[in-house]
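Here is the structure we will look at, set down as structure tokens.
Read-outs throughout are calculated quantities, based only on the coordinates presented, and are distinct from any laboratory measurement. Computed from a predicted model, the values in this text were never measured in an experiment. So basically every Cβ, Gly included, is an ideal-geometry build from the backbone, and we count neighbours across all protein chains shown.
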Amino acid sequence: MPTPLQEKTYEMLIRMASIPSAYPTAEREMVLLRRMFADALEAGAALEMALGAADRTEFRRFLFGTLHRIRLVKLWMQILDDLGALDPDTVHPLSETAEETHKLVLAAIRTTHKACTVEDYQTAQAV
């Protein structure tokens, strides 16, 4: 359930994306699609970096990067969906996959958190 801050921020993003501008609607949607695609690629890259990490702290740092990018993918997808730019048949499986991936990354972060010392945790948070 989103917090009031999340709701207002999302409302701001939707209103901003809906403002008539010099860019045609299709071009604005392409910008959002490119951002979503780039963040999805970055999420995959961060996960690959995590899997090749030399130690637990580095592993957690890359997991947090993966989580950040997945949350952005979900945000772009939601905005595009609310703007009517995505086909519902396409968005549903993508949304489910993003949500499952989000849960798996969170579970991995929690698992490594339980195994980390306080010092490891503070180092990961500082990054």
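Relative to the present Cα-Cα distance, how much length would full extension add between Glu48 and Glu7 at 0.36 nm per residue of separation?
Here the segment from Glu48 to Glu7 would lengthen by 11.6 nm.
Jot down the per residue volume, in cubic angstrom and as a whole number, of the convex hull over the alpha-carbon atoms of the chain.
Taking the convex hull of the Cα positions in the chain, it is 125 Å³ per residue.
What distance in nm lies between label points placed 7 Å from Cα along the C-beta direction at Ala38 and His68?
Computed distance between label sites Ala38 and His68 equals 1.5 nm.
Give, in nm to one decimal, the length gained when the segment between Ala26 and Glu100 is fully stretched (0.36 nm per residue of separation minus the Cα-Cα distance).
Length difference between fully extended and current span is 23.7 nm.
Counting only complete DSSP H runs, which helices of the chain cover 20 Å or more along their long axis at the Cα atoms and score a mean Kyte-Doolittle of -0.5 or above?
4-18, 25-51, 56-82, 88-115
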